[in-house]
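The values are calculated or read from the model by the stated rules, or taken from the named source; none is laboratory data. Since we're looking at a predicted model, the values are computed, not measured. Because the Cβ atoms are built from the backbone with ideal geometry, glycine has one as well, and the counts that use them run over all protein chains shown. Accessible surface is based on the protein model in full, side chains and every heavy atom, while ligands, DNA and RNA are left aside. Shrake-Rupley method; radii C 1.70, N 1.55, O 1.52, S 1.80 Å.
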Amino acid sequence: QVHLVESGGGLVQPGGSLRLSCAASGSRFSIYAMGWYRQAPGKQRELVAIISSGGSTNYADSVKGRFTISRDNAKNTAYLQMNSLKPEDTAVYYCNAYYGDVYWGQGTQVTVSS
C-alpha cells in the first residue's frame, strides 16, 4: 500500500512557474514508476509526465520543454517542475505510483490566470 500526498499547487500568472511535490509513504518508493496526470473541468484525466524506477522520463507533447519530472528516492518524493505556464495548464494535478497496482493522490489545483 502506498499513500500519496501532492502539494505545491496554486494560482500563478501566465509565464510563471510552480513546482509540485508528491510525497509517498512506504519503504519501497524506488521500485515504483511515478506519474503526473491532470484533469481540467469537463475533460478526461490525461498523462502529463512519467518517470520510471530507473529514471527514464516521458512527457505529453503539450508540456515538452516546459515541464520536468524528477524523483528523490531518499525523500520518497516525486516532483513536477512547471515553467512557462499557460492558461490551458489549469487543472487538478494528480500523482500516481505504479508497480503492478496503481495508487493515486488526492490532487492539487493549479490555476494559471492573470
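Structure summary
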{"read-out": "Qualifying residue in the range 25-45 (condition: aliphatic (A, V, I, L, M) and touching a Leu at 6+ places or on another chain (Cβ under 8 Å))", "value": "no"}
{"read-out": "Failed criterion for K75 (all others in (1) under 16 Å from G26 (Cα atoms); (2) under 12 Å from the mean Cα position of the chain (by Cα) hold)", "value": "(2)"}
{"read-out": "Residue tally, condition part of a strand (DSSP E or B), surrounded by fewer than 14 Cβ atoms within 10 Å (Cβ to Cβ) and among the hydrophobic types (A, V, I, L, M, F, W, C), over the range 27-69", "value": "0"}
{"read-out": "Leading residue by the ranking (nearest to Y32 (Cα to Cα)) among those in the range 70-90 that are among the hydrophobic types (A, V, I, L, M, F, W, C) and not in a loop (DSSP other than H, G, I, E, B)", "value": "A78"}
{"read-out": "Residue in the range 74-83 that is touching a Pro at 6+ places or on another chain (Cβ under 8 Å), in contact (Cβ under 8 Å) with a residue 40 or more places away in the chain and open to solvent by 30 Å² or more (accessible area, probe 1.4 Å) present", "value": "no"}
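Let's see how each residue does on (1) of a type outside the set (S, T, Y); (2) under 22 Å from V2 (Cβ atoms); (3) at pLDDT 95 or above:
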| residue | (1), (2), (3) |
| --- | --- |
| L18 | yes, no, yes |
| G26 | yes, yes, no |
| Y37 | no, yes, yes |
| R45 | yes, yes, yes |
| Y59 | no, no, yes |
| V63 | yes, no, yes |
| C95 | yes, yes, yes |
